[in-house]
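Working notes for the structure below.
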Ligand code: G6P
């Protein structure tokens, strides 16, 4: 989704902004633009397409200036084109602005401005905001900062903005509500961005702006205030990742790198949390609320996309191992359906980015209703961890590929640790079983590596099926959510239509689709319902479907029935999702590459969905 970058200091802004925009490409976007304060006033350059298109058009212009802003836009109001791209400049050229989020009352404000004589060049809500700032500035004879604050007091919606003022060209004015902004602190220079990725190569000192905060940045001065003008003391924090973590390190794509990083990522997720003798699991972020969790009558997990799939695995794990009832909901449904939430409910929000608008709003709703709210997030310091009462970071490292991979397995790892810990504490999981499962969990990274070693073979399978128009993914029990996740991965990046289904449900509908052109991916590892899945495979083969089966190493039954198998090491069934999803990630990746798609930035998708 939209990305923001800004610079003020002594260096040339142009290369810093272009480079920063490239770092933000992973968020998903369809146009890009920059504005730089030059000797001849503020100059704006913007264009539909990639940052490289913008760069190609502007590189030779030698744009000089040490203050500037840049934006990647993911279209919401108005199609992706040059006019709708940011930055937007007010009618009289006094303000230039970039914006993430949505101004919900923009129609009302636009009507008002039209009555006052304003005309609009774009379809965006952002142009309304920049004109409103200018209108207030001219009417009220205020300074730029006050005009921004007053304009924002009239706005309903979500925003992160950075503003340049023609008459006060020595500053950047930034503000946020429900859409993140991070300020990077350099020496006589400041950076600002929608997340830390464009900042890490310059500094590791950052300030996360809070809701309703405004920052006024000059070359050597930072003023932080609330929107109603109360001065704030900046809370300077250290970023916990370095530049290498956001580079491809020899891999063709971030997604492939992130798939291959999973052994290390999961190791980091478990680091310091599992006792060396496997006798205990300690999740430090939950200690204060442990009693509440143990006494809860139910847990409600909310999330979107892949994180929702992780939540489904969590439901199976927590209900089986800890015998606490669990409900799993999409953030977007939960927040609008007037859910019943009791004060002793525990709501767990799962989110890689920690910024997904629907999940964040679900968190706020649950808090309002008095529930205890926990977060399972990857991005440290993001909005959800800051809104929740307690939580657990996944520590998977930055995930840049839009299709989530290591974040999923890290979320499932956290949920597995939670389920084991809760089961043990509630005395429903015997110590012996707890210890055995904990030990097995700890060794998952090595087993995962064995699947990664089959990468070439999985690529060959992808070659065989990359021209298919449809795919079916079937699994049961713990592997039903994995079937959903496998289908989602394929859809997201290869654009092949794919459905995930509980294997037994196939006969209630999807079986009608099966013929010799339909590849069906079965998750058929040895578990309690293995025999049932075998019957489902037979049903597909009887209708000439092509079966790719994910099976336990050494399996002979499924292997004979299936057209192709991918073996995964044997683990207790509770841990199979952590392994079984990996071949599906690789299958989707290779299919997408073979089809010539932009794997890391698939069409229409955004990494961090900050609008509802
Ligand atoms: C977007 C991404 C998905 C992700 C979902 C939830 O749709 O493209 O990959 O699963 O958002 O994101 P979150 O950051 O909350 O996990």
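Using the C-alpha atoms of region 418-549, what convex hull volume per residue, in cubic angstrom, is computed?
Details: hull volume 17.3 nm³, N = 132.
Spread over its residues, the Cα hull of region 418-549 gives 131 Å³ apiece.
Roughly what angle does helix 406-425 make with the longest principal axis of the chain, taking Cα atoms, 0 to 90 degrees, to the nearest 10?
Approximately 60 degrees, to the nearest ten.
By its C-alpha gyration tensor, with a ≥ b ≥ c as the square roots of the eigenvalues, how is region 290-365 shaped: rounded for a/c under 1.5, else prolate for a/b larger than b/c, else oblate? Before the final figure, lay out each step's value.
On the way: a/c = 1.87, a/b = 1.32, b/c = 1.42.
Since a/c reaches 1.5 but b/c is at least a/b, the shape of region 290-365 is classed as oblate.
Given C-alpha coordinates of region 160-284, what is the ratio Rg to Rh with the Kirkwood estimate of Rh?
Rg/Rh for region 160-284 comes to 1.11.
Compute and list, largest first, the equivalent-ellipsoid semi-axes of the chain from the alpha carbon gyration tensor, each √(5λ) rounded to a whole angstrom. Walk me through the numbers on the way to the answer.
Details: eigenvalues 407, 147, 94 Å².
After diagonalising the Cα gyration tensor, the semi-axes are 45, 27, 22 Å.
How much of the DSSP beta bridge set in the chain is antiparallel, as a percent to the nearest 5? Kindly include the intermediate steps, with their values, before the conclusion.
Numbers: 61 of 101 bridges.
Among the beta bridges of the chain, antiparallel pairing accounts for roughly 60 percent.
To make sure I understand, if each residue's beta carbon is the centre and we count other beta carbons within 10 Å, what order do 304, 2 fall in, fewest to most?
304, 2
Expressed in whole Å with the largest first, what are the equivalent ellipsoid semi-axes of region 475-571 derived from the C-alpha gyration tensor as the square root of 5 times each eigenvalue? Before the final figure, lay out the partial values.
Working: eigenvalues 72, 50, 34 Å².
They are 19, 16, 13 Å, listed from largest to smallest.
Please report, in whole Å³, the volume per residue of the convex hull around the C-alpha atoms of region 330-430.
On the way: hull volume 10.8 nm³, N = 101.
Hull volume over Cα atoms, normalised by residue count, gives 107 Å³.
Would you calculate a helix-derived [θ] at 222 nm for the chain, using -39,500 (n - 2.57) for each DSSP H run of n ≥ 4 and dividing by the full residue count, to the nearest 500?
-11000 deg cm²/dmol
Relative contact order (percent) for region 39-194, with alpha-carbon contacts under 8 angstrom and 6 or more residues of separation?
With pairs under 8 Å counted, the relative contact order is 21 percent.
At q = 0.22 Å⁻¹, work out log10 I(q)/I(0) for region 71-167 with the Debye formula, treating every Cα as an identical point scatterer and leaving solvent out; two decimals please.
-1.16
Using all C-alpha to C-alpha distances in region 66-115, build P(r) with 10 Å bins and read off the rounded percent in each one.
Here the calculated profile for region 66-115 is 20, 51, 26, 2.
To test your reading of the geometry: what angle, between 0 and 90 degrees and rounded to tens, separates the Cα axis of helix 455-465 from the longest principal axis of the chain?
Taking Cα atoms only, the helix is inclined about 90 degrees.
Hey, any idea what Rg/Rh is for region 1-125, computing Rh the Kirkwood way over Cα pairs?
Rg/Rh: 0.97.
When only C-alpha pairs under 8 Å and at least 6 residues apart count, what is the relative contact order of the chain, in percent?
That works out to 12 percent.
Which percent of Cα pairs goes in each bin when the distances of region 10-63 are cut into 10 angstrom slices starting at zero?
Once binned at 10 Å, the Cα pair distances of region 10-63 give 24, 58, 18, 1.
Based on other C-beta atoms within 10 Å, arrange 278, 191 from fewest to most.
278, 191
What ranking of 217, 232 emerges when the number of other C-beta atoms within 10 Å of each C-beta is taken as an exposure proxy, fewest first?
232, 217
Please report the orientation-averaged projected area of region 125-208, defined via the convex hull of its C-alpha atoms, in nm². All intermediate terms of the calculation are to be shown ahead of the outcome.
Values: hull surface 23.9 nm².
If you wrap the Cα atoms of region 125-208 in a convex hull and average its projections, you get 6.0 nm².
If one takes the longest principal axis of the Cα atoms in the chain, at what angle in degrees, from 0 to 90 and to the nearest 10, does the Cα axis of helix 530-542 lie?
Around 80 degrees separate the two axes.
Each value in this text was obtained by applying a stated rule to the coordinates, not by laboratory testing. As the structure is a computational prediction, the values presented were derived from the model and not from experiment. Ideal geometry is used to build each Cβ from the backbone, glycine not excepted, and the neighbour counts take in all protein chains shown.
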